[in-house]
Every structure is written in C-alpha cells, then in structure tokens.
1. Are there GluC sites (Glu not before Pro) in the stretch A:281-372 that DSSP marks as loop and that have at most 14 other Cβ atoms within 10 Å, and which are they?
2. Tell me the label-point distance for the pair B:T84, A:T84, using the 7 Å Cα-to-Cβ offset, in nm and rounded to one decimal.
3. Given B:T225, B:Y184, B:A294, which one lies farthest toward the positive end of the charge dipole of the stretch B:135-303, if we put +1 on the Cβ of every Lys and Arg and -1 on the Cβ of every Asp and Glu?
4. Hey, got a sec? Which trypsin sites (Lys or Arg not before Pro) in the stretch A:54-99 land in a DSSP loop and have at most 15 other Cβ atoms within 10 Å?
5. Taking the label point as lying 7 angstrom from Cα along the Cα-to-Cβ axis, what are the distances from B:G169 to the corresponding position in the remaining copies, in ascending order and in nanometres?
6. Please go through the residue pairs A:K101/A:K338; A:K101/A:K243; A:K236/B:K243; A:K201/A:K338; A:K94/A:K338; B:K201/B:K338 and name each one whose alpha carbons sit more than 25 Å apart in this structure.
7. On the accessible surface of chain B, probed at 1.4 Å, how many percent belong to carbon and sulfur atoms?
8. Given only helices, namely DSSP H runs of n ≥ 4 each adding -39500 (n - 2.57), what is the per-residue ellipticity at 222 nm of the protein assembly as shown, to the nearest 500 deg cm²/dmol?
Protein chains: 2
Amino acid sequence: MRVALLGCGVVGTEVVRLLIEQADDLAARVGTPLELAGIAVRRPDRVRSGVPKELLTTDAQALVTRDDVDIVIEVIGGIEPARTLMLEAMKSGKSVITANKALLAEDGATLFAAAREYGADLYYEASVAGAIPLLRPLRDSLVGDHVHRVLGIVNGTTNYILDQMDTHGAGFNDALEEAQSLGYAEADPTADVEGFDAAAKAAILAQLAFHTPVTAADVHREGITEVSAADVAGAKGMDCVVKLLAICERIPSADGRNGRGVSVRVYPAMIPRSHPLASVREAYNAVFVEAESAGSLMFYGAGAGGAPTASAILGDLVAVARNVAGGTPGPVEVTYAKLPVLPMGETVTRYYIQVDVTDEAGVLATVAEEFARHGVSIQAVRQVGLGEEAQLVVVTHRAPDAALTATMEGLRGLEIVRAVTSVMRVEGDE
Amino acid sequence: MRVALLGCGVVGTEVVRLLIEQADDLAARVGTPLELAGIAVRRPDRVRSGVPKELLTTDAQALVTRDDVDIVIEVIGGIEPARTLMLEAMKSGKSVITANKALLAEDGATLFAAAREYGADLYYEASVAGAIPLLRPLRDSLVGDHVHRVLGIVNGTTNYILDQMDTHGAGFNDALEEAQSLGYAEADPTADVEGFDAAAKAAILAQLAFHTPVTAADVHREGITEVSAADVAGAKGMDCVVKLLAICERIPSADGRNGRGVSVRVYPAMIPRSHPLASVREAYNAVFVEAESAGSLMFYGAGAGGAPTASAILGDLVAVARNVAGGTPGPVEVTYAKLPVLPMGETVTRYYIQVDVTDEAGVLATVAEEFARHGVSIQAVRQVGLGEEAQLVVVTHRAPDAALTATMEGLRGLEIVRAVTSVMRVEGDE
C-alpha cells in the first residue's frame, strides 16, 4: 500500500517519522506494509530532519495521480492548491486523509460529493481538536444515538489566554503577549482570537453531529478581544469561568423530534466552575457532547501540535488502508437531515450583565421594567457598591438572543444607566 | 438486515426501544433497514414496556442459528449460556455484539478465535465504560500511535462511594448504605467494592491498548472496603483525592521500546486534585490515556445504565451492519505483541504512609533508615501531633511495589512504631 504526502511542515515531518518508526506495527494492523511513495513540497532544499530526500518532489499534481499511489495525505492547509489536489486524487481513485479544517468548513460539500462519486474515502479526524478522537466517535459510536448539543473548547490559543486571565487576573493584551512569547499564539493572532479557527471547527462538528450541511459562513462568531479583566472577575464572582465556546445545538420544534433547525455559534461565555469544561486549562481542548441515550460525554486532550495531529492522521490512515485493502470504502458523510441554520437572534441563551447606575431610589425597578418590556425574565440581581460606584449585576433566565440584544440597547438608553460595563452569555445548565 | 437480541432486561429493553424509535435514522446510516428478528428471554410473561410480544422466544439456541438472522446482540451477561450462544452464532456466520465484560475478560481469546475462524465481527464497546466511546478510539483512532498508559475510573458505584467520603467525610459503610439506597450499589456490592468489575474492564482495556493477551485473573486487584475516613482525610491534606483506579501500563525495558511487559492493576489510590480524573464526581466514569504522539487524552461520561449502554450497542450495530452489507468484516482483535503481565511486586509505584510513633528523639532517623534499607527513597516527610498523638506522614518516590511492601513490614516491626494507620498508593505524575 503506497502513500503520498502533500506538505512537509511540522505535521508532515511527524507523519513521516511515525510512518518510518512504526512501520512494523502499522503493517501488523493493516495486514500489509505501508510505504511512502513521495512527498510534495514547495522548497525541497529546506532541512527536514528524518525525511528521506529522495522522496521529495515539487510536482504535487503528478504525485496525486501517480498509478502507484493508493492513499493521499494532505497537510498543506488553506483552500488552494489543497482543494484541487484532493479532488484530482479522488478522481484518480485515491483515498484522501486531510487535516484541513478551513477547506472542510468552507467547501466540504464539494469534497464529500467527489468522495461519493469516485468511491473514495475522505477522512479528517485531525481537522478538529488534534489527537482527540472526536469525529470518529461522533460519526461511528454515536451513530445510533441522537445528539442534542456539542459544546467545546476547540482553540488552544484562546483557552491559554483566558486561562491566564482567570488565574493571574491578567488583561487580554498582556495574556496575548505572553501566549505569543511562549509560542501558543502566532504573530498575527487574528484567526485564533477572533474565533475564525473555532468557527471552522464548529461547522465541521455541527455537520457531523446533525447530518446537515453547515459551512464556516453559517457560524455566528465573536472573538475574545473584547473580554476584559472585569468580565473575568465578574465570572469569578458567579463561581464561573470565561471560555471561548463552540456550540452546536439542535433546536427542538414544538412537534417533531428532529427539530426546526440548528444553532452553530462561537463566543466567549461564562460556564460554572463545576462544569467539566471549566477545568480545561492552558492550551488543552475538550468537547462536551450531549446525546439522548448516551447522556453527557466529554473528550479531552491536546488540540494541536505536530505529534498529536500526526497521531490522528495515522489513525485515519490505518482505517483507510484497511478499507482500500478490503476494497470497500468507509461511510461517506451523509447530510440527509438538511436542517436550516437558525440566525443568532432566534438562539436561546442567557446573559450576565453589569451596569453602572446612578444611586437613586427606583433604579432597580426601572431596570427590571426594561427587561420585562422585552420579555426577558431575570434569574438574579445583585446591587454592588454605593453612590458613585453603584452597580447592578443581572443574570437572566433563558431568552431569545434578539430579545436580550434589544434589552441591552434599551438599558443603554436609560437615564439612570451610566454604562453597561460587562455583557456576557452564560452557558452550561441553568 | 435482521437482528436477534439475547436477553431483554434493562439494557435489552432500551436496545429494542432505540431500534424501533430510530429506525429511519438507522436505515439512512446503514443503507438498509434494520429489523428485529427475535428476542430470546427466560421469562416471556414478564412485563416489558415497548417490547413486541410476538418477537419473544425462550429458544435462544434456535434464534442464534436461524437463517434469517444476520447479527446477534448479547445482553444476557455472565459466562454461560452467553459464551455457547455467541460461539454458535459466529459458527453460523452471524456477527456478534456484546456488552459482556465478565466473559470477555475471562475467555475473550476463545471468542476472538471464533470471530477470526468464521470471519465474523465481534464488537463490544458497551462492555467498558457504558456509552463512553473508548474501545473504538483505542482500537481505531490510536492504532497508529503507541499507548503508554491507561488510567481510569471504570466503576461508577465505587466512585460514588469515594466521592461521598471525600465530599461529606462519610465512612465507607455509611457511604455504601447511601449508594445502595439510591440504587447506585447492589444489595450484594461485592463485584463493585472488591474491584472485580473494574478488574474485568482493566483486562479488556490492557489487551486492546497493548495488543497482548490479558485476562481478569492476571489483574492485581484491591477493593475499597479498607479505605477509611482517615485515608480520605490524609489525601485531602496532600491536596489529593482517593479514587479506585484501573491502571494498565507498558513497562519499558532498558533496550527495546516495546517494553518488557505490562502491568495491569486495580486499587484505590491518591491522585492530585489537579489531575483531570480528580474532578470525576458521583457515578461518572472517565479514562485517561497517555500515548506517545497523541499525548494525554481523557474520555468522560456515564459508565453504566440502560440507555447509555444501549447507545454504545447501537453504535456497534451500525458499524457491524455496514460491514455485513459490504461483505467485509471489521478488524479482529490482534494480540501480536504477547507481552508478559508482570507481577505486582515488580510494578513501580509510590506510597503515602501514616505511622503512629512514640515521641522520642531519633524516631525520624530510625524510620528513614528502614526506608533506606529497602532502597526506597523518601520524597517528603511530615511530623504531625505531639506526645501520645505523634504521627509521621511519609510520601515516597517511585519504587518497586515489593520494596514498598517490605518497608511496610519492616516499619511494623520497629519498637518506636505503634501502628501503621494508613498506606495508600499515589498515582498521577510525581
């Protein structure tokens, strides 16, 4: 069985190392040896420790259509040329393994259609949450169950930053700088801190969990750049912690169990410290899955890095190699449910709100009336400070996001409200 | 595709419910409808809500060899008649799904040999940790990786009891009684509290993780009946918590990476509160896996119960049905590594020891000398109380269990030692 590798950066180098070091183990598990047929790179002269020079080629196009290649592993990343190469590989009868979350979230439908058309395997465990076996359990183990919700920390960089803010009371900018100096965040941290990376993963998870087409553009996305030390301190006061969450929910309809749509969103939110996700520290990832029969499950581990990502790719490689050897491709993604993705305004959530108010009689009544006017029910309200420092902390019951947004606007227009100092959604059980 | 069910208790009833309720979803995922062909029970007259009476039969033997049955699900439990029925089913060309941990841990080899011989599938996700997708990730996702260690809380009853002891300072007997009154523990709790259930699961996990044959009899087993309120309080003082752990370890040799053997053991041990397993509360299960490339992973969820177990069975059922439809059985268990299971004495671990001592000069020196005499290095020692109440708390570095046991015996023989009041192993990173 011969394998072509597209790209040989951090992850690719680890894949090569594992293929060589674990050759005997892999052969035993597949039933036949796996051999590297070629490695497509842009700069063949770059030093890559442990990578056989004679396998390098700059002609990726030729490599993916070579007759002696059975399986193609794509770790180039980005949209092009990755998409064209993967499509050509499948067209030539090769099965494909990829870690490319951006491409899957933007145009997975084209890839899955090609896999179906040409009878090829398309596996992508490494695209979400690194080495954590997550897609396979969702796709295979829970296939006989009914997933209600997926709630996850799927971006290590932002979790590291928020964890530093929670642990040391650091502000966002200081925590970001530290993450950059330690290599947890890139020089341009936009993809991570603005939630783009998490949104791509949320789209992939939602599609798999609900058998319905979801792209990155469908995902409501808010990053963590606006999270302040005050927000984090406010969360502490509620015995909560702020995490950047990717949330995929099936929204039930009044009648049918399949629901009237799905909600897919990424934003910073408070979760109770007793929630299993609250204890996910540093750059770790974890995904919480709620299913009808299985109940609550959690998957935890390193969400990125060369070796963990390579481990996930090797797991896929063994599965695909067995399918190829047996002549039967694995199951192709099915999106038979075709549920609509609901706008954020229809999503039901809870808010935590901190408001600076003037210190006069009737303030609480005026504020409470504003919530009532938008049909938002208050779970708890607390007055903090006196005089110039008077502050109200309000936690709502669950309400449509549009009603909550309208309430915020209403509050900002009240004379007695000097400033809305913190607004944050609350997730985890009420 | 026709399915026979053996046994219709709590789990079986849930399997029937899911097969009927989710029929459309299952058909979409398998590619063909799944139909219940028959349900073998001992007492057909018992009331079983939602179970079609006309499918019940008392002739399990006939059911498993019927020509119109493709897949057999076994949820009878115990060794016989489950083993004979499963063997006959495979001999008749049927694939088998089972939740039977006792049988797999006692005589899995016979079942796997039959699966290989007759080209049948034998899937058993539900046998360990209920609905938590654990065996499939170990078998499939981590197949290209190298597992060093599996550390798990795999028995909900004992975790509930230890959690109550930790949270409320309850003694073992009170906590057991409460667990029994709430239905978490059975009237005869032996299988749970003496660690038999956890040991069977440890054998299954070790076999899968290390590709080496392990039976329940190979597992070193200690239950939690001797865990005292003082042990739990001692753990708190160390910022640890006591958990009943199932531990499967590959023991490295000086030269080869495959190691000189495996250690498989079940006992109560202290783990640091910062360890992800420490926050597993009530009757939940969680399994921590350490692999070379993937790093640390954790799988968390409900470890038992009708619906979670049925969910795991349905996941297996879809996989097996796809294999049957495609005419290609899935991978059969491979135990090619054949590593020896090492005796407990050779296992390297750490001890926490509490000793009542007489209050005189040189006590610490005498105790320290006893540790040194057995080659056990002390990590920390603390003197608590004075006079009649004088106590030493010692935490060792890692040492062979035999040396630690010998040290304990030596300590008990010292004149200055009035009693060894607590001995507990310490797991999690040193």
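The values are calculated or read from the model by the stated rules, or taken from the named source; none is laboratory data. Since we're looking at a predicted model, the values are computed, not measured. Positions of Cβ are backbone-derived with ideal geometry, glycine not excepted, and every protein chain shown enters the neighbour counts. To get the accessible areas, we keep the full protein, side chains included, count just its heavy atoms, and leave off ligands, DNA and RNA. Shrake-Rupley method; radii C 1.70, N 1.55, O 1.52, S 1.80 Å.
1. Values: sites: A:E282, A:E290, A:E292, A:E333, A:E346, A:E360, A:E369, A:E370; in loops: A:E282, A:E292, A:E333, A:E360.
Of the GluC sites (Glu not before Pro), the ones in loops of the stretch A:281-372 whose Cβ has at most 14 other Cβ atoms within 10 Å are A:E282, A:E360.
2. Each label point lies 7 Å from its Cα, and together they span 6.7 nm.
3. Result: B:A294, furthest along the dipole toward the positive end.
4. Values: sites: A:R66, A:R83, A:K91, A:K94; in loops: A:R66, A:K94.
For trypsin sites (Lys or Arg not before Pro) across the stretch A:54-99 that sit outside H, G, I, E and B with at most 15 neighbouring Cβ atoms in 10 Å, the list is empty.
5. 3.2
6. Details: A:K101/A:K338 21 Å; A:K101/A:K243 21 Å; A:K236/B:K243 28 Å; A:K201/A:K338 19 Å; A:K94/A:K338 28 Å; B:K201/B:K338 19 Å.
Violating the 25 Å Cα-Cα cut-off are A:K236/B:K243; A:K94/A:K338.
7. Details: 8160 of 16130 Å².
With neighbouring chains kept in place, the figure for chain B is 51 percent.
8. Numbers: 27 runs with 303 residues, N = 860.
Taken over the protein assembly as shown, the calculation gives -10500 deg cm²/dmol.
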